[in-house]
């Protein structure tokens, strides 16, 4: 079957990914290496993610704030693990002025900063310093702050949305009176990330704690959600950290209560534009982007198949009638239905395939024939055949709304089946090797492991050989497989956990 | 009369401004000089500004996108006036890694960038480069793009919200097939800025073209809206630029139509967190912040005057009843009413004054007495006496909604009266000197001027002597004062325009 993209997933997954982005006009590489221009269609997806998640954050008592882009070098240095984790990928500002030297613009030597500034890779340090000023007494706790912003981590092997030197994200920072409460917060956010991935993005993630080797620099505990892409690789789609008192100690975030002065307990957590890469690699097909309706810039695009102004106006008014919903509550995933109309002019086929490549959930075509018949032609983007269905115009909304609702279930179900088909339980390193060398799709391997042995060479060499990593210790039924008799597949000693081991982005 | 701030406008306007910000907990100076931490109450105001203006932009066909933070030095250099305007305030990134040298963290000499990168002071250059790729034919025009982001202009004399090295803004960038259409776009945006200032911020701005000496670096025409602060100084609150073909020439933004290949015509325009400074200095009083309801984080704060959990619960449920609006459409400035409840505990007075300093439009107090009487005590922030008014609980919404609506008119009217009282028509430099040396409030002076003489020493020396600048050439009735006989007050030759001359931020 001919497909709309020049390459299929089967032929070359990495190239297919780039072609989905190009075909849907989501983004492009920027002139600055490792950065991207996010184009309107891609940015509209991010805005939908942002607005939905922001509502959830506010409903749970979080408030937005904004902290500076630039961080003094000395700040980063205060938490030893933290600086270790980020020093190698920092963009460094050293001057605050340019000067013209012999006709060439250069950083002005007279405007060298006494202390270099770092473009924030994340804001624990600068927020920690602010929290130390904001918090005095236990009445100031919990302090639940979120920031939507850009961050910078210099990337040697960039890939659009997945790894870019600059990316957009939300970063939460909270402070609490007790370790229990801070842990509860970090866990609440993990749940919110998991539910958001399921409900808005239709991505069935595995949620769980990270092993010590995969923790955020400076965290006591890190949890993540891990999604399986269509090539079987894992994508870390959100992380939540219990930071203990590591940051409150170095930034002196203290509060007083009846017991006197104490250090606060803090958390941080983030989710980024990387999610868009996750959506692409979870749902899209060889015809291009496929979008969950909740985050689609429009739910319906109406193609008006005419060229002359008069005929176009007639079609437009006919099309407008489709959305005059009377008593029907025209909502999709809790928001008013979003639609747009496009004059397809003399190239209706091209306009149709543009909509397919862009992942518009419902594509409606209206020409003279449809108007005469009192109907519309409707194509569901999730239908593999992309066939047109003729619907009576008066029935359009009553037809479209349940279809859009069912798409969400369909996408989630499809992704879940795919993941479950590629989730294998592994009882030995021999089996691990076999699973990662013989299968068409690289799997998620559920491996009994003794985490105390994580850093040992016999574990790391097996993982390294197949380019694997411990993604997380998935919660719920997965851990139930563990019995006192279960042995670590790497060391043969008693297993402490079931880990998901996989290749990853 | 005792006031809630430690200093009044009369005593020290600059210090009063800082105290309003501190008293309302809007923002604070950050550790990095010239930057600020925008705290939740301040950021919520920005979010309201953002969301309202974003809706207007989308309704007029603009789409959001995102471009990189970092700009190659060579890009900035291509438009000569542009680089001239920004070179002196650029933060320059020179390294992409840190290294540990003898226990001290330093920019890694081996990770020096071949070409330094500039933290964007504005994005004409990088957007211009993208537009050159995005635009092929006349069908791609007009291209109407907006970006919400942070920008950086190194500031030697920073003031919170007004001049900060980093600030948040929206920057629009559009490309058109003709000069007329691009001019129309820049004018449309000017109108949107003026209307937004009036309707959402209650600031009666003067809108008009800038003189050549005050143009944006690289623009053919710049228009601005200028607001009068309570000390009489002007605040430039938004600018819109017709860039002609200056940027399309250097970035090669070309399109083809029936006439062949042509350069596009572009515009750019921006409005920033500076608006918050403008709102503060337009409306606030010696008791702290006063906010137009449209941008207030909450319209109503209910103070529950109790300490015990049981009594608090009773008051809370009573208070909740106030907002069960039945058939009343509970909207303020087109959005659902925003309210919050605060347990005022044992310090009701403190909670009341906090709400006053924060500019909450309506402050409601509920204690046992109110519950017993079936009433609530309501205070309007705009009432100079801040007196309590007792309202029947059942009438609360029907009372509050028109009061909130009238506040908008009241604030605008008050600001307009103030401005008009300090708007003087000046017919000679002697009168100009008198107006700027004798009045209690520094005025806006309407001066006939011949703009061809703007750069001449006799003009610049008079302006410089009183620290004045030409703010804009205000449109509408102001220009109607001009007759063929009107003389330029600086040169005595025929005047070409009426200019607003003022001190400014």
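Model label points for residue B:460 and residue A:115, set 7 angstrom from Cα along the Cα-to-Cβ axis, are 4.0 nm apart.
Please give the calculated 222 nm ellipticity per residue for chain B, where each DSSP H segment of at least 4 residues contributes -39500 (n - 2.57) and the sum is spread over every residue; nearest 500 deg cm²/dmol? It comes out at -10000 deg cm²/dmol, rounded to the nearest 500.
Most simply put, the stretch A:387-505 has about 75% antiparallel DSSP beta bridges, counting only bridges with both residues inside it. For the stretch A:468-482, the residues whose amide N sits under 19 Å from a probe point set 7 Å from the Cα of residue A:212 along the beta carbon direction are A:469-474.
Mean per-residue shielding of peptide A:47-53 is 1, counting Cβ atoms of other chains within 10 Å of each Cβ. How would the stretch B:298-405 be classified by its alpha-carbon gyration tensor: rounded, prolate or oblate, with rounded meaning a/c under 1.5 and the a/b versus b/c comparison settling the rest? Verdict is oblate for the stretch B:298-405. Remark: mean inter-chain Cβ contacts per residue of B:96-107 equal 5, using a 10 Å Cβ-Cβ cutoff to other protein chain atoms.
Based on C-alpha pairs under 8 angstrom that are at least 6 apart in sequence, the stretch B:298-405 has a relative contact order of 34 percent. Starting from the Cα gyration tensor of the protein assembly as shown, take the square roots of the eigenvalues, sort them a ≥ b ≥ c, and report rounded, prolate or oblate (rounded when a/c is under 1.5, otherwise prolate if a/b is larger than b/c, else oblate). Rounded is the answer for the protein assembly as shown, as its axis ratio a/c remains below 1.5. Here residue A:58 yields copy-to-copy label distances, from shortest upward, of 1.4 nm, the label point defined as 7 Å from Cα along Cα to C-beta. Relative to the longest principal axis of the Cα atoms of chain B, the long axis of helix B:274-283 makes an angle of roughly 50 degrees. Packing-based ranking of A:113-124, B:131-142 yields A:113-124, B:131-142, ordered from highest to lowest mean Cβ neighbour count within 10 Å. Stretched out straight at 0.36 nm per residue, the stretch from residue A:28 to residue A:310 would grow longer than its current Cα-Cα span by 97.8 nm. Normalising the average separation of contacting C-alpha pairs (under 8 angstrom, six or more residues apart) by the number of residues puts the relative contact order of chain A at 14 percent.
DSSP beta bridges fully contained in the protein assembly as shown are about 80 percent antiparallel. With respect to chain A, whose longest principal axis is taken over its alpha-carbon atoms, helix A:13-24 is tilted by about 60°.
Peptide A:82-91 has a mean of 4 when you count, residue by residue, the C-beta atoms of other protein chains within 10 Å of its C-beta. Each Cα pair under 8 Å and six or more residues apart adds its sequence gap; the mean of these over the residue count of the stretch B:104-188 is a relative contact order of 27 percent. Modelled spin labels at residue B:11 and residue B:88, positioned 7 Å past Cα toward Cβ, are 3.6 nm from each other. Put the Cα centre of the stretch A:283-317 next to the Cα centre of the stretch B:351-412 and the gap is 49 Å. If I take R0 = 41 Å and measure r between the Cβ atoms of residue A:249 and residue B:320 in this structure, what FRET efficiency does the formula 1/(1 + (r/R0)^6) give, to the nearest 0.05? FRET efficiency, residue A:249 to residue B:320: 0.50. Principal-axis analysis of the Cα atoms of chain A puts helix A:309-322 at an angle of about 60° to the longest axis. With each label modelled as a point 7 angstrom along the Cα→C-beta vector, the residue A:475-residue B:181 pair spans 5.4 nm. With the label put 7 angstrom out from Cα along the Cα-to-Cβ vector, residue B:137 ends up 7.0 nm from the copy partners, going from closest to farthest.
Anisotropy class assigned to chain B is prolate, per the alpha carbon gyration tensor with a/c at or over the 1.5 cut-off and a/b larger than b/c.
A short reminder: the numbers here are calculations on the coordinates, not readings from a lab. In this text the structure is predicted, and so the values were computed from the model without any measurement. Ideal geometry is used to build each Cβ from the backbone, glycine not excepted, and the neighbour counts take in all protein chains shown.
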